[in-house]
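Take a look at the structure set out below.
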Amino acid sequence: MQTADREIPKSIIDRALAASIKMFGIDSVSGQQNSAPFSGVIVRSDGTILTVAHSTKPGNFYRVIFPDGKQAVAKALGRLVVDQQSNLPDIAMIKMQGEGPWPFAEMGWSSSIAEKQPCFGISYPETLPFNIPFLRAGRILKKMDDYGFIQSSSIMEPGDSGGPLFDALGRVIGLHSRIDAAEGINFEVPVNSYRIYWRSLTHPAAINSYPTPTDSVGSDPLAKKLMELVLKKPAPFPKTNVQSIPIRSTLHGDSVYILGTAFNLANNKQVILSKSSQVGAAPKAKFNNSTYALEILFRDKKNDLIALVSDHKFPAITASETSRLGIPDSLLGIKLWSLLASNKLKSGILGMSPQTFPRIPIPGTFDAHMQEIAGLPTLTKVDSMGAASRAGLRVGDQIVALNGQDVASAVKINAAMQQFSAGDTLAVQFRRGVTVLHAQVILSKWAAPPNPHPANHIPKGKSTRRDNFPHVFLHDSRIHADECGSPIIDSEGNFIGLNIARFSHTACLAIPRDTILDVLSEAQYLISNSKR
């Protein structure tokens, strides 16, 4: 992969990654976690960390997790907040404990940046089930707003707070603070604010007014070089005749829409791959103002893929020309293009190399109230339309075991329920009077109150199936849930993978090309051994 194909040069990414850390508060005696996770960046070899005030408390200790998995402990120093309601200016410093030298990123000058300059962020969204940094790219939208923040398009969400924003030279120019709206403006604390109050921040104290005297900011020796990057032309979109194919079908009585990608196989055959959980009965493709019936060849539940065939030939990717090469960490930061319907496209960067994406439990419920009576969890109220009622349980029934596990107390059943998720089927043993009975209960989804945070209000929402994948990579292209099934190419036009889920505000999941080739091999075998 040539440097020109990268949004960010590899040498710059490597150094920035090494210094970008995940943190959470710990009890100084037990070492147990006692705060939500957040992000930060080491900016000196002595272990000085910059982060944001709304995640820290002076004197407290924090677990530090490095990108390579190593862990250490840091202690919070100064925290500058002059407006307690808004947390402005949201500035904090932490210091690594123990001997250095520590990996660090160079500090830049927020005074040197300009609108439209490229930038990138490296941090740890709390929605992702990894201690692995997620790389995202963007542009400077505003050098300084009325509240003293940089505004950027490098997308973030909770857990990213305190993470670094880098300029195109790999220098820290800001720290992630907050977002305004879903997929909208992101606010960064300017790194010059840390320079100005540096000495005051080195003491473990809460500072509630702007310190005097201040420190010298100095000048940026690379300001001119940085400015030249504004004029640099972005990589051109690669030429291709491939685009996504809109697919409509009926799912649970509703008409649903999703995209698909056509692949040319051997012997002049063709197959369309799409997101299985979003394709129901009687699928049809609409292309160039015509509608074509699609036949389901097979479903791959593991990867949430469906293979469809048609008598019509669509613009397609030729499977035999697709490389089986994996997607290593060395490709982080390459430019990616998602090819949507009607020749539309979205761009982003490869932010995390392929990972096994685990199942993320969704709290399940019996749709019933329970109280410990005579040592047993007892149903005191049962929702007439809920999970327990559907399984035949009644008020007064006493739960004895779940899946053979003793739950004969409130403590035991509460602990056991942590193991199960919405949609799980539980074998329930219970007492009704003196009779011991059994039932199968399919847990309902716990009705959690809506979270008003902007990160939870994504246009088109999150994908219904968005976890439990054996092999996916992550990117920041802001693919909407109904744009899954679309192909991803690099700036040379090479097929990279297939969009499979909008996971969160920041993360889109894609199945890499090597997995797709295995699925295409299965499609080729089935077609070759059928009458098609």
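Based on alpha carbons, the Rg and Dmax found for segment 364-445 are 11.1, 31 Å. The phi torsions of segment 206-218, fed into the Karplus equation with coefficients 6.51, -1.76 and 1.60 and a -60° offset, translate into couplings of 7, 10, 10, 8, 5, x, 9, x, 9, 9, 6, 7, x Hz, rounded to whole numbers, with Gly and Pro shown as x.
Annotation: average projected area of segment 46-115 is 6.4 square nanometres, based on the convex hull of Cα atoms across all directions. Taking the average, over residues, of other Cβ atoms within 10 Å as the packing measure, peptides 27-39, 395-407 rank 395-407, 27-39 from highest down. Annotation: amide H-H contacts under 5 Å for residue 163 (H modelled 1.01 Å from N, sequence separation of 5 or more, or interchain): 39, 176. Here the residues 188, 99, ranked from fewest to most Cβ neighbours within 10 Å of their Cβ, fall in the order 99, 188. Selection among 434, 376, 459 by position relative to the dipole of the chain gives 459 as farthest towards the positive end (Cβ unit charges, Cα centre). Remark: 271, 242 ranked as 242, 271, counting other beta-carbon atoms within 10 Å and listing the fewest first. Shape summary of the chain, radius of gyration then Dmax from alpha carbon positions: 26.4, 84 Å. Based solely on its DSSP helices, what 222 nm [θ] is calculated for the chain when runs of n ≥ 4 H residues each add -39,500 (n - 2.57) and the sum is averaged over all residues, nearest 500 deg cm²/dmol? About -2500 deg cm²/dmol.
With a simple spin-label model that places each label point 7 Å from the Cα along the Cα-to-Cβ direction, the separation between residue 210 and residue 492 comes to 5.2 nm. Between residue 106 and residue 432, the C-beta separation translates, for a Förster distance of 60 Å, into a calculated FRET efficiency of about 0.30. Net length available on complete extension from residue 185 to residue 35 is 51.4 nm, with 0.36 nm assigned per residue and the Cα-Cα distance removed. The peptide list 213-220, 106-113, put in order of mean Cβ contacts within 10 Å with the highest first, becomes 106-113, 213-220. Among 513, 199, the order by Cβ neighbours within 10 angstrom, fewest to most, reads 199, 513. For segment 325-448, the Cβ-based charge dipole about the Cα centre amounts to some 360 debye (Lys, Arg positive; Asp, Glu negative; other atoms uncharged). Over all orientations, segment 207-248 has a Cα convex hull whose mean projected area works out to 9.4 square nanometres.
In this calculation the C-beta distance from residue 147 to residue 71 is compared with R0 = 30 Å, giving a FRET efficiency of 0.30. Selection among 149, 168, 277 by position relative to the dipole of the chain gives 277 as farthest towards the positive end (Cβ unit charges, Cα centre).
State the answer as a single residue: which of 409, 288, 51 lies farthest towards the positive end of the charge dipole of the chain, with beta carbon charges of +1 for Lys and Arg and -1 for Asp and Glu, about the Cα centre. With unit charges placed on the Cβ atoms, the residue in question is 288. How large is the dipole of the chain about the Cα centre if only Lys and Arg carry +1 and Asp and Glu carry -1, each at its Cβ, rounded to the nearest 20 debye? In debye, rounded to 20, the chain gives about 760.
The numbers here are math on the coordinates, done by the rules we state, and not lab data. Because the structure is a prediction, the values reported are computed rather than measured. So basically every Cβ, Gly included, is an ideal-geometry build from the backbone, and we count neighbours across all protein chains shown.
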